[in-house]
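Engineer: What follows is a structure written as C-alpha cells; I'll ask about it next.
The values are calculated or read from the model by the stated rules, or taken from the named source; none is laboratory data. Note that the coordinates shown come from a computational prediction; the quantities given were computed from them, not determined experimentally. Cβ atoms come from the backbone with ideal geometry, glycine included; neighbour counts cover every protein chain shown. Accessible surface is based on the protein model in full, side chains and every heavy atom, while ligands, DNA and RNA are left aside. Shrake-Rupley method; radii C 1.70, N 1.55, O 1.52, S 1.80 Å.
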Amino acid sequence: MSQFDVAVIGAGPGGYIAAIRAAQLGFHTVCIDAGVNKAGDAPALGGTCLNVGCIPSKALLQSSEHVHTILHDFADHGISLSEVRFDAEQMIARKDAIVTKLTGGIKYLFQKNKVESVFGRAAFAGKNGDLWQLIVDNGKGEYRSIDAKHVIIATGSVPRPLPLVEIDNINVLDNEGALNLSRVPGKLGVIGSGVIGLEMGSVWKRVGAEVTVLEAAPTFLAAADQQIAKEAFKYFTKEQGLDIQLGVKIAAINKGNNSVSVQYEHNGESKTVVFDKLIVAIGRVPNTQGLHPEAVGLALDERGFVVVDEECRTNLPNVWAIGDVVRGPMLAHKASDEGVAVAERIAGQKPHLDFNCIPWVIYTDPEIAWVGKTEEQLKAEGIAYKKGTSGFGANGRALGLGKAKGTVKVLSCAETDRVLGVHMIGPMVSELVAEAVMAMEFKASSEDIARIVHAHPTLSEVLHEAALAADKRALHG
Ligand code: FAD
Ligand code: NAI
C-alpha cells in the first residue's frame, strides 16, 4: 500500500497536466493510467489525445495536405513534377513516430516533476479515515493498493457505439482504426459529419479515396455559427468533392469480407452503398468503465458523466473530476485547463476557467475556429448584437499562400460593443483564434481589436478588418 496527497486517474491531457501541476504545488502525487501503445506491448501515457486523437489526426492532416498541395496547387507556382508517389504506410509511420515522441515526453515530465507513474486500471475500493482507497489492476493478475487524500478522475471518453454494427477496426473503424489505415480505401464511408468525420474524411479524400459522409442531423455543423458552417459545406462538397448527405437515417449495416454495405434512408428514398471501409464517428461517451463508482457512491448523470459543479467537485469530498468524463466540450485544452484549476484549488488557490472563452478548432482546409456565442445563440438568448465580417479573398498574405478563401466574423454587444463571439473559416484560423480568445478573456470591445496595430501583410488583418466592420468603419470592405 502507498499513500499520496493526490491520486490522478488517467494520464490524458486532463490527468497528466493535473498531476504535474499538483506535484509542482508540492503534493506527493501519483498518476495511474491504463493506456497502452499501438502494438499493445507497453504502457503509453497521453490518453486519447496523444495516442488516438488530436496529435495523430493532425499529423495525418498535414501529410495529406502536402499531397493535395503538390497535386493541385504546385502548378500555380510554376512547379511541375513528373511523378508523384504517395505511400500511406510511410504517412502512418511518421504519425506513429510523432505519437511515440510525445507520449515518451510525458514520461520524462513525470520524472522531472516527481510524479509517480503507475500502470493499470484504477477502481474505487472504499475509504480509510479521510483517505480514498484505490485498487490498481495491471492486467497481469497483480493488484496495488493506493490511498490518497484527493482523487482527480480524468478517465476521458470512448467512441459512442452504433447499435447496428460492431467496430472491428478492420473494415468498420472508430477513430483508432481511421488513424491506422495503411492503404487508401477506394470508397470510404463515414457515419457522422462531426469533427472526426470531417477531419478523417478530409485526410483520406486528399490522398485519393472517394468519401461519402452520412449525417443524421438536417443541419451541417449545428454547433458552429451557421454562416461559417454554410460556407464550409460549400467548400467541402462543391470544391473538394466530399459527398456529405444530411438528414440520413441508417437502416442496416452489413459486413462483407472486404467491404461494408450501408442501407439508409435519405430524402424519402431508400439507398444502399457498398464501401471498402466505414468510419463510425457519431460522438463520444464518458468513460467510467472499471472505475467502480458505485463502491463509494460517486454520482453519475443519466448519460454517464461524473456529476461535478463549476469547480469540478464531485458529490464526494476531495474527489474531483475533469475533462471528457464531465460536462462541457470534449476538448484537450478544456481538460488540461480544468486539471490545472483543480490542482490549484486543492492548494487553496482560486483559479477561474471561463467556459465561454474556450476555443473550438476543426482542422479541415480551410480550417474552422470559433470562440464565444454564435449568431444563432445570441438570437435565441435575445441579445442585441452588432456584426462585422471580412474575407480572406483580398488579403495579401492569404493570396500569397494560395489560400485566399474564408471569412472572419466578429459579433459584439449592440450596447457596449463587448466582443461576444468570433467565428472564422480560412487559412490557419486555428492560430488566429487565439487573438479572439485573448480579446474575450480581457473583455475587449470590437473597437479595442480595431485600434490594435496588426502587422502587414498577415492573416490577422482579416480579424482586424472584421472588428472595424463591426463598428461600420471597414477600410477594405
Ligand atoms: P483522455 O485523453 O481520454 O484520457 C483518459 C485516460 O484515462 C486514458 O489514457 C485511459 O486509458 C485512462 N483511463 C480510463 N479509465 C481508467 C482507469 N479506470 N484507470 C486508469 N486509467 C484509466 N481535442 C482537441 O482539443 N483538439 C483536437 O484536435 C482533437 N482531436 C481529436 C481527434 C480525435 C480523433 C479524437 C478521438 C479526439 C480529439 N480531441 C481533440 C478530443 C481530445 O482527445 C479529448 O478531449 C481529450 O483527450 C480528453 O482528455 P481527458 O484527459 O479527459 O481524457
Ligand atoms: P461529434 O459530436 O463532433 O459529431 C458526431 C456527428 O454524428 C454529429 O453531427 C451527429 O449528428 C452525428 N450522428 C450521431 N448519430 C448518428 C447516426 N446514427 N447516424 C448518422 N449520424 C449520426 O462527434 P465526433 O466527430 O465523433 O467527435 C467526438 C468529439 O471528439 C468531438 O465532439 C470533439 O469534442 C472531439 N474532437 C475534437 C476535435 C478538434 O478539436 N479538432 C477533432 C476530433 C474530435
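Engineer: Please enumerate the residues belonging to the stretch 5-46 that are over 25 Å from residue 286 (Cα atoms) and either among the small types (Gly, Ala, Ser) or buried (at least 24 other Cβ atoms within 10 Å of the Cβ) (or both).
Structural biologist: Of everything in the stretch 5-46, those that are over 25 Å from residue 286 (Cα atoms) and either among the small types (Gly, Ala, Ser) or buried (at least 24 other Cβ atoms within 10 Å of the Cβ) (or both) turn out to be 23, 26.
Engineer: Here is a further query. What's the number of the only condition in (1) open to solvent by 20 Å² or more (accessible area, probe 1.4 Å); (2) away from ligand 2 (no atom under 16 Å from the Cβ); (3) over 27 Å from residue 325 (Cβ atoms) that residue 62 fails to meet?
Structural biologist: That leaves (2) as the condition not met.
Engineer: Ok, one more. May I ask you to verify whether residue 311 is under 28 Å from residue 147 (Cα atoms), at pLDDT 95 or above and open to solvent by 60 Å² or more (accessible area, probe 1.4 Å)?
Structural biologist: In short, yes.
Engineer: Taking strands (runs of 3 or more DSSP E) that fall entirely within the stretch 304-392, which contain at least 1 residues that are hydrophobic (A, V, I, L, M, F, W, C) and in contact with a helix residue (DSSP H, G or I) (Cβ under 8 Å, 6 or more places away or on another chain)?
Structural biologist: Per the criteria, 319-321, 360-362, 367-372.
Engineer: Based on this model, can you work out whether residue 139 counts as surrounded by fewer than 17 Cβ atoms within 10 Å (Cβ to Cβ), within 13 Å of ligand 1 (Cβ to nearest atom) and within 28 Å of residue 6 (Cα to Cα)?
Structural biologist: In short, yes.
Engineer: In the set 252, 178, which member is modelled with pLDDT of 95 or more and open to solvent by less than 10 Å² (accessible area, probe 1.4 Å)?
Structural biologist: Just a single option satisfies the conditions, and that option is 178.
Engineer: I'd like to check something: does the stretch 232-242 contain any residue that is open to solvent by 40 Å² or more (accessible area, probe 1.4 Å), under 30 Å from residue 55 (Cβ atoms), more than 19 Å from the chain's Cα centre (by Cα) and among the β-branched types (Val, Ile, Thr)?
Structural biologist: no
Engineer: If you don't mind, another one. Quick one: would you say residue 406 is out of contact with any Cys (no Cβ under 8 Å at 6 or more places or on another chain) and either buried (at least 24 other Cβ atoms within 10 Å of the Cβ) or over 27 Å from residue 234 (Cα atoms) (or both)?
Structural biologist: Against the criterion (out of contact with any Cys (no Cβ under 8 Å at 6 or more places or on another chain) and either buried (at least 24 other Cβ atoms within 10 Å of the Cβ) or over 27 Å from residue 234 (Cα atoms) (or both)), residue 406 qualifies.
Engineer: I'd like the full set of residues that are within 25 Å of the chain's Cα centre (by Cα) and open to solvent by less than 70 Å² (accessible area, probe 1.4 Å), limited to the stretch 107-116.
Structural biologist: 109, 110
Engineer: Can you pull out the residues in the stretch 457-474 that are buried (at least 21 other Cβ atoms within 10 Å of the Cβ) and at pLDDT below 95?
Structural biologist: none
Engineer: Looking for whichever is free of Cβ contacts under 8 Å to residues at least 60 places away in the same chain, on the phi > 0 side of the Ramachandran plot and of a type in the set (Gly, Ala, Ser) here; the options are 393, 426, 382, 406. Which one fits?
Structural biologist: On inspection, the qualifying residue turns out to be 382.
Engineer: Next question, about the same structure. Pull up the stretch 413-466, narrow it to residues that are more than 27 Å from the chain's Cα centre (by Cα) and of a type in the set (Ser, Thr, Tyr), then point me to the one that is nearest to residue 230 (Cα to Cα).
Structural biologist: Result: 446.
Engineer: Residue under question is residue 278, and the condition is that it be in a loop (DSSP other than H, G, I, E, B) and in contact with a strand residue (DSSP E or B) (Cβ under 8 Å, 6 or more places away or on another chain); does it hold?
Structural biologist: It is false that residue 278 is in a loop (DSSP other than H, G, I, E, B) and in contact with a strand residue (DSSP E or B) (Cβ under 8 Å, 6 or more places away or on another chain).
Engineer: Could you say whether any residue in the stretch 201-215 is assigned to a helix (DSSP H, G or I) and open to solvent by 10 Å² or more (accessible area, probe 1.4 Å)?
Structural biologist: yes
Engineer: Inside the stretch 276-295, can you point out the residues that are open to solvent by less than 30 Å² (accessible area, probe 1.4 Å) and away from ligand 2 (no atom under 14 Å from the Cβ)?
Structural biologist: Scanning the stretch 276-295 gives 288, 291, 293.
Engineer: On the given criteria, is residue 19 within 22 Å of residue 343 (Cα to Cα), touching a strand residue (DSSP E or B) at 6+ places or on another chain (Cβ under 6 Å) and not aromatic (Phe, Trp, Tyr)?
Structural biologist: Against the criterion (within 22 Å of residue 343 (Cα to Cα), touching a strand residue (DSSP E or B) at 6+ places or on another chain (Cβ under 6 Å) and not aromatic (Phe, Trp, Tyr)), residue 19 qualifies.
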